[in-house]
Amino acid sequence: MSSHLVLLSPDCFGRRFGPRFLGRVDDSGKLVRDFYKIFNQVITEEIPDGLKLPDSFSQLVAELKNNQYDAKTFAFSLRAMMEKLEREIRESKVSELMNRHFAASSIPKGIHCFSLRLTDEYSSNAYARRQLPSPELLPVLSNNSYHHFVLSTDNILAASVVVTSVVRSSLEPEKVVFHVITDKKTYAGMHSWFALNPVASIIVEVKGIHQFDWLTRENVPVLEAIERHHDFRNYYHGNHIAGANLSNTTPRSFASKLQARSPKYISLLNHLRIYLPELFPDLDKVVFLDDDVVIQRDLSPLWEIDLQGKVNGAIETCKGEDEWVMSKYFKNYFNFSHPLIAKHLDPDECAWAYGMNIFDLRAWRKTNIRETYHFWLKENLKSNLTMWKLGTLPPALIAFKGHVHPIDPSWHMLGLGYQRKTNIENVKRAAVIHYNGQSKPWLEIGFDHLRPFWT
């Protein structure tokens, strides 16, 4: 009888079912509201001078117990600890980004030595200096029944990968002609490589910039200014942290700024594609390839694509599954607070990609694309680079405006140099994969799971 009364007592019910059953209020809600008021107050106040910060959360709890902090002191300590941690994380991320930037901008020792050995071979081995292509094949260089590829690079190893992958993927390699353009310092090594390692069935021409009579200061005055002007050289080669407000810059934004300051953007080799009609006056159509691509499928159908009178066949980069790589509009490249940009461009216009482009040189010669490109480069120089930061694509987006024919995105997959989560199955299916970004496959910072497609 007594046990029955105990079971039915209110005190037992209270312990068993908790305070809400008896109409009581849980004090935890009030505690949270009190903390919110205190935290909201300390957000706007200065952190007291001399506040000693614990090194860990457990130390904070211990000091809270031993020193009998009031709630406000506890809130200030917690805020100061979190702000310190955020600064350290930001500084660590910025340091990592700077190291990646320098790694991406430098030449690995192995590749540098490789180039030097080939240059030495050029001076000591007559076979390394033999004419490319052989004299009887020279007419093919201007024969429009062949498939002409143009590659502009100072990286011999990368050039070899591009050429070899085209040949391995081609159904008719005997119809392939490669025009490899390099700078003066790399010319001897590049020539040696293709002379000593001929690629079966295809024709390779190697030329240095210095061998094109058309490339004079008079024809490329803006590029001369970019390469020689001290302020702009310092912008690309100088201290990238000095003057930067890192406390108000996200790591992602800082990474974007570093990418925009890559020294390659003031290299004539990088701007060379805008002069293709003049450099190859006898050719009607070419496919231009960047040196950080790998070809995985026969590209001969590109010559059959009807560009419908347009100059540039390219994939659009605002329409794709990958929102990080394929979400590029004009607003991603241009400063629309600049009056000239705001007046002439639409921020929501879809961008397109360099890296694998079909150029109809006959249609191009009827346009003023080169003059437009030069005009906007000059305007950006005059505005102290405030119209855009990112290299050669922005002026090309303007110059080719109205002259681009979109091609199927399966021809060209981007982002393998900065998108760590690239879909491997999509990589396998793409005709051309492009390691655009800092993490080139020949660098230590390249992504391990994506490097095998290159090696």
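The values are calculated or read from the model by the stated rules, or taken from the named source; none is laboratory data. Fair warning: this is a prediction, and the values are worked out from it, not measured in the lab. Cβ placement follows ideal geometry from the backbone for every residue including glycine, while neighbour counts extend to all protein chains displayed. Side chains are part of the model used for accessible areas, which takes the heavy atoms of the whole protein and leaves out ligands, DNA and RNA. Shrake-Rupley method; radii C 1.70, N 1.55, O 1.52, S 1.80 Å.
Look at Leu157 and say whether it is out of contact with any strand residue (DSSP E or B) (no Cβ under 8 Å at 6 or more places or on another chain), surrounded by fewer than 22 Cβ atoms within 10 Å (Cβ to Cβ) and either closer than 20 Å to Gly110 by Cβ or of a type in the set (Phe, Trp, Tyr) (or both).
Criteria met by Leu157.
Do we find that Val140 is open to solvent by less than 30 Å² (accessible area, probe 1.4 Å), assigned to a helix (DSSP H, G or I) and either of a type in the set (Phe, Trp, Tyr) or out of contact with any Gly (no Cβ under 6 Å at 6 or more places or on another chain) (or both) in this structure?
Yes: the conditions hold for Val140.
Let's see how each residue does on (1) at pLDDT 80 or above; (2) aromatic (Phe, Trp, Tyr); (3) within 30 Å of Ser439 (Cβ to Cβ); (4) open to solvent by 40 Å² or more (accessible area, probe 1.4 Å):
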{"site": "Leu31", "(1), (2), (3), (4)": "no, no, no, yes"}
{"site": "Asp34", "(1), (2), (3), (4)": "no, no, no, yes"}
{"site": "Arg79", "(1), (2), (3), (4)": "yes, no, no, yes"}
{"site": "Cys113", "(1), (2), (3), (4)": "yes, no, yes, yes"}
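If we only count helices (runs of 4 or more DSSP H) wholly inside the stretch 325-424, which ones have 3 or more residues that are open to solvent by 40 Å² or more (accessible area, probe 1.4 Å)?
Because the criterion is at least 3 residues that are open to solvent by 40 Å² or more (accessible area, probe 1.4 Å), the helices (runs of 4 or more DSSP H) in the stretch 325-424 that meet it are 339-344, 369-382.
State whether the residues of the stretch 350-359 include one that is outside the structural domain of Gln438 (by the TED database), hydroxyl-bearing (Ser, Thr, Tyr) and in contact with a strand residue (DSSP E or B) (Cβ under 8 Å, 6 or more places away or on another chain).
So far as the stretch 350-359 goes, yes, one or more of its residues are outside the structural domain of Gln438 (by the TED database), hydroxyl-bearing (Ser, Thr, Tyr) and in contact with a strand residue (DSSP E or B) (Cβ under 8 Å, 6 or more places away or on another chain).
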